[in-house]
1. In the range 87-114, how many residues are among the polar types (S, T, N, Q) and within 15 Å of the ligand (Cβ to nearest atom)?
2. Please enumerate the residues belonging to the range 207-228 that are within 28 Å of Lys142 (Cα to Cα) and near the ligand (Cβ under 9 Å from one of its atoms).
3. Quick one: would you say Glu178 is closer than 18 Å to Arg96 by Cβ and either touching a residue at least 40 places away in the same chain (Cβ under 8 Å) or over 15 Å from the mean Cα position of the chain (by Cα) (or both)?
4. Going by the structure shown, is Asp117 farther than 22 Å from Gly231 by Cβ and either within 15 Å of the ligand (Cβ to nearest atom) or not in a loop (DSSP other than H, G, I, E, B) (or both)?
5. Going residue by residue through the range 60-67, is there one that turns out to be out of contact with any helix residue (DSSP H, G or I) (no Cβ under 9 Å at 6 or more places or on another chain), away from the ligand (no atom under 16 Å from the Cβ) and not in a strand (DSSP E or B)?
6. Out of Asp138, Asp226, Asp117, which single residue is surrounded by fewer than 18 Cβ atoms within 10 Å (Cβ to Cβ), acidic (Asp, Glu) and in contact (Cβ under 8 Å) with a residue 24 or more places away in the chain?
7. Would you mention how many residues in the range 229-243 are farther than 19 Å from Pro42 by Cα and within 14 Å of the ligand (Cβ to nearest atom)?
8. Does the range 10-18 contain at least one residue that is in contact with a Pro (Cβ under 9 Å, 6 or more places away or on another chain), away from the ligand (no atom under 16 Å from the Cβ) and not charged (D, E, K, R)?
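The values are calculated or read from the model by the stated rules, or taken from the named source; none is laboratory data. The structure presented is a predicted model; accordingly, all values stated were derived computationally and were not measured. Backbone-built Cβ (ideal geometry, glycine too); neighbour counts: all protein chains shown.
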Amino acid sequence: MRRNIVAGNWKMNLNHPDSSRLINEINKIDVNSDVELIVAPPSVYLSTFNEIQHHFSLSAQNVHFEENGAFTGEVSAEMLSSLNVNYAIIGHSERRSMFHETDDIIFKKVKSLLKHDVSPIFCCGELQQEREEGRAFDVVSKQLNHLLTHLKEDQIRNIIIAYEPVWAIGTGLTASPEDAQNMHKHIRDSIANQFSLKTAENISILYGGSCKPDNAKDIFSQEDIDGGLIGGASLDSKSFLSIANSFS
Ligand code: PEP
């Protein structure tokens, strides 16, 4: 179901006391009830955070596509599901570039997550050079291709898409609201063409890439932008709250 979402990707930050402090601050945050808050802490904290009464949803930052077995250091979709973790970020550009995750690997993760009723937060986005060469739309289409051609309509409805231009992640650069809107519309149109307008209209598409309290309002006001996937600014409860309250 399409809804306004602000998701915080903590990446590999915060020791246990600092993470507890931040999660307690976030838990006190008063957010407009039509915004869903999602927190994606390092996986070691998922179980502890799950035990506290909370008004945000939990997301993993990654998952392995196999069901179980000899995959030292990995976490399966079934494990996430058994902890009531509702979401998992996959296809993040850091995992694509540093951990060599391909579109094939990422799609296997999508399938495993859907099988276990965990909704993928599927990241896509182009490199700076690809944008400069006018290939941004093609790159994102290619990243989305498996989802569009191999999923059934009722499966795509359980996916959240995060458009994250790689050159904007952690750099302080942001896509202009118009450029972000154009890409979000391209993504929504691609879903509509493959499935139906109704399904496309029901999918939340988030923007990610140096989204901050001072630019969130302009970005979130765009027609096809349903919120944000927030990195750096999600590590500060005031910034995170301010971003979450940036929908008009
Ligand atoms: C991210 O890594 O998903 C992200 C959007 O990071 P930042 O907000 O720090 O650019």
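1. 2
2. Matches in the range 207-228: Tyr207, Gly208, Gly209, Ser210, Cys211, Gly228.
3. Against the criterion (closer than 18 Å to Arg96 by Cβ and either touching a residue at least 40 places away in the same chain (Cβ under 8 Å) or over 15 Å from the mean Cα position of the chain (by Cα) (or both)), Glu178 does not qualify.
4. Taking the combined requirement at face value, the residue does not satisfy it.
5. no
6. Asp117
7. 3
8. no
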